[in-house]
Amino acid sequence: MKNFRFKNPVEIRFGKGTIADLGELLGDETKIFLLYGGGSIKKNGVYEQVKHGLTGKNIVEFGGIEANPQYETCMKAVKEVQASSATFVLSVGGGSVLDAAKFIAAAAVLENKDPWGIVTGDVSISTALPLGAVMTLPATGSEMNSNSVISRKEWGEKRGWSSDHVLPRFSILDPETTFSLPERQAANGVVDSFVHVMEQYLTYPVNSPIQDRFAEAILLTLIEEGPKVLTDPGNYDVRANIFWASTMALNRLIGVGVVQDWATHGIGHELTALYGIDHARTLAVTLPGVMQFKRQQKREKLIQYAERVWNITQGDGDVKIDEAIAKTVLFFGKMGVPTTLGDYQLGGEAAQAAAENIRKKGWKLGEHRDIGPEEVEQILLLRA
Ligand code: NZQ
Ligand code: ZN
């Protein structure tokens, strides 16, 4: 196992009725910048619960954060935060709203520097406004991590950044808020969470049985519970199990001391930036390609994944790997999430375009940093 530091200070309030804890969690904070998305919270009762929880506070509202939050919209919010002198940012919605909140909290107190530099990594931040979240979509894990992904449509850019200064002070996860999710978003969330685990698990062994078995537990839970969200969407326990699996998938726990990949996300972000495909859907296309393309380097972990997650016991290593990849594709299909570029009427040109974007950034992806533009193209051609 590699050396690591582990700290996760995010307070979680999980369960029915926990939005009522807002007042207690906010304590002395009185001027709250309430950030939300395109209006789902006004249709499913979450907005009313939040307003009730904020009784007695001074609230400045900002709605309209898009899925794949846009830099320009975030900058409008930054100006409003500064004008209102709000002291706390509260995100109410999915990962996009929370990722935007993280950027806004950092940019609002940035002095004399280009805020886009926060996203590119050219500007390192030393502080941010405190923030908290009422999370309504299990997918990103943003509720318990320091990551944020911001897009800039006119530049064809979508980039992730991370800073401990934007770890939420608290996150409220009430599974009942997820009953109103459209089937597609619920399915996307299961797939995104699954791939988060794979990015931290499917590399090479470093003798880390705790992290491996935690990872496998999350994968197995998503495989068991995920399809139920489509067949039994009103089941609270299913919603609760998926929510917690999703949070645990990307809150640092399974990633400490192990080698991480993240090539699937790097490539997937380009497909979203180029074609607007939902985040999770880009991952469902890309991951099987990465598994296939990297099958030699990932061999030991692929066989472990086949045996322990899919219970594949027959055949030699190659047979097990083939079957594990096929089972993964089938699982995404069972969630109603397409797995080829062709499903989006795309082919070789998309593979080239994504590769070109990676070339422009000079990126080398994967746990060995050996997936450059040529390899990206080959991986995506496997999914054409
Ligand atoms: O905007 P509203 O009206 O709220 O509707 C949203 C949006 O249309 C809707 N929704 C959310 N909760 C709902 C709901 N509709 C009904 N009932 C509810 N309870 O769902 C749609 C999608 O929401 P969004 O927030 O975009 O989805 P998600 O949580 O999947 O976030 C995706 C974004 O997160 C980034 C992705 O790249 C993408 O930009 N990621 C962030 C990560 C992180 N911070 O750690 C890691 C991930 O890998 C990912 O890259
Ligand atoms: Zn993701």
If you scan the stretch 20-39, which residues turn out to be crowded, with 22+ Cβ neighbours inside 10 Å and among the hydrophobic types (A, V, I, L, M, F, W, C)? LEU22, ILE32, PHE33, LEU34, LEU35
Only one of (1) more than 10 Å from ligand 1 (Cβ to nearest atom); (2) within 30 Å of HIS269 (Cα to Cα) is not met by GLY27, so which one is it? (2)
Just checking: which of the helices (runs of 4 or more DSSP H) contained wholly in the stretch 275-359 hold 1 or more residues that are within 16 Å of ligand 1 (Cβ to nearest atom) and either in contact (Cβ under 8 Å) with a residue 40 or more places away in the chain or touching a helix residue (DSSP H, G or I) at 6+ places or on another chain (Cβ under 9 Å) (or both)? 279-293, 317-334
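Could you please give the count of residues in the stretch 126-147 that are within 23 Å of LYS31 (Cβ to Cβ) and within 16 Å of ligand 1 (Cβ to nearest atom)? I'd like the intermediate steps shown before the answer.
Of all residues in the stretch 126-147, those within 23 Å of LYS31 (Cβ to Cβ) come to 126-135, 143.
Okay, now just the ones that are also within 16 Å of ligand 1 (Cβ to nearest atom), so 128, 131-135, 143.
Matching residues across the stretch 126-147 total 7.
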Check on VAL238, under 28 Å from SER146 (Cα atoms), in contact with a Pro (Cβ under 9 Å, 6 or more places away or on another chain), within 16 Å of ligand 1 (Cβ to nearest atom) and free of Cβ contacts under 8 Å to residues at least 40 places away in the same chain: yes
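Read-outs: derived from the displayed coordinates by stated rules, not from any lab. All values reported here derive from a predicted model rather than from experimental measurement. Backbone-built Cβ (ideal geometry, glycine too); neighbour counts: all protein chains shown.
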